[in-house]
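The values are calculated or read from the model by the stated rules, or taken from the named source; none is laboratory data. Keep in mind the model is a prediction, meaning the values are calculated, not measured. Here the Cβ positions follow ideal geometry from the backbone for every residue, glycine too, while neighbour counts run over all protein chains shown.
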Amino acid sequence: MRIGISIASSYAVSDVRDGARWMIERAKAAADAGLDSLFYGDHHVTQSPYYQNSPILARALAEWHNAPAGALYLLPFRHPVLLAEEIATLATIMPNRFIMQCAIGYGDREFAAFGINPKHRPSRFEECLEIMRRLWAGETVSHQGRWQIQQARISPTPPEPVEVWIAASAKPAIERAARLGDGWLAAPGLSPAEAEESLAYYRECCARHGRKVGVTAIRRDIYVGADAANAAAVGGAVVAAGYRGFPIDATIVGDVESVAAAFRGYAEMGYSDVIVRNLVTDQAQALASIARLAQVKKLLG
């Protein structure tokens with residue numbers, strides 16, 4: 001099993017430079033731990049500071065190592081020509097492949113801010129992805145639909161194909177991931193039983209569409225403690241307070257051995273990647289948890 005990280009983008013800070021600095025420090029800690037992939041998320045018009053993914057990723061790559069990296073993009077909000085150019089440029093900075101995680105988005109406030117009808121989310125998503133793939137392949141693209149595009153061609157194009165993981169939880173979205181994606185990213189709030197059921201449905205959809213099962217990744221919000229007592233005192237307290245409304249067993253809190261055992265359980269289900277995110281907000285504790293993932297990786301072999 002591969003272990004990647006999705007670094008939180010939202011920070012309640014009085015000095016906005018602190019949040020950006022913490023994101024870069026976490027990327028360096030993840031590189032030092034030898035993690036297998038690096039990602040940032042995507043939201044807009046938030047009430048507290050939320051750092052946008054493309055510029056943060058570009059800066060973080062200076063601290064990252066020779067492993068894949070990328071970001072999650074909510075495609076209905078993104079103009080496909082501009083995003084294709086941004087990702088192609090980011091791909092030229094990287095020594096390894098770019099992974100685009102993508103989703104259709106949610107939240108009326110975000111769609112209202114962009115002047116987008118939320119009922120158009122699926123069609124905007126699929127059109128955006130199709131247009132970007134054609135542009136990355138070097139085609140000259142004209143398109144009449146949710147976007148009106150005439151004779152668009154980009155340069156540079158990515159030095160190797162962009163890998164596309166589609167984040168999905170509802171059955172129609174999982175089917176879309178099987179039909180269009182190179183991989184599927186399971187939702188962070190799934191219990192283990194729901195994660196196993198959803199993975200079986202993704203595999204069923206791949207078979208229905210005659211497609212090979214791609215990357216099967218799941219995000220887990222975690223805290224790796226120095227020992228069981230530290231894990232319970234730090235991470236356990238966050239979970240007990242009702243973390244994000246998630247089921248308790250959707251999160252992973254424990255010492256190195258118990259976290260490795262939990263990850264091994266997802267590997268046995270058939271997941272190829274677990275993408276972690278820090279449960280705790282304190283920077284020192286978050287960095288320590290990331291560092292301990294090096295030991296988790298060693299136990300997993």
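Annotations for the structure displayed:
- Counting only residues that are crowded, with 20+ Cβ neighbours inside 10 Å, aromatic (Phe, Trp, Tyr) and over 16 Å from the mean Cα position of the chain (by Cα), segment 175-213 holds 1 of them.
- Taking the conditions (1) in contact with a strand residue (DSSP E or B) (Cβ under 7 Å, 6 or more places away or on another chain); (2) modelled with pLDDT of 95 or more in turn, Gly105 satisfies each one other than (2).
- Residue in segment 50-72 that is among the acidic types (Asp, Glu) and farther than 24 Å from Phe111 by Cα present: yes
- Any pair with Cβ under 6 angstrom, 6 or more apart, that starts in segment 32-49 at a residue that is over 15 Å from Ile290 (Cα atoms) and ends at one that is of a type outside the set (A, V, I, L, M, F, W, C) and assigned to a loop (DSSP other than H, G, I, E, B): Tyr40/Ser9; Gly41/Ser9; Pro49/Tyr11
- Taking segment 231-266 as the range and being polar (S, T, N, Q) and surrounded by 19 or more Cβ atoms within 10 Å (Cβ to Cβ) as the test, only Thr251 passes.
- Residue within segment 4-21 that is in contact with a Lys or Arg (Cβ under 8 Å, 6 or more places away or on another chain), assigned to a strand (DSSP E or B) and not β-branched (Val, Ile, Thr) present: yes
- Test: residue in segment 83-95 that is surrounded by fewer than 17 Cβ atoms within 10 Å (Cβ to Cβ) and at pLDDT below 95: yes
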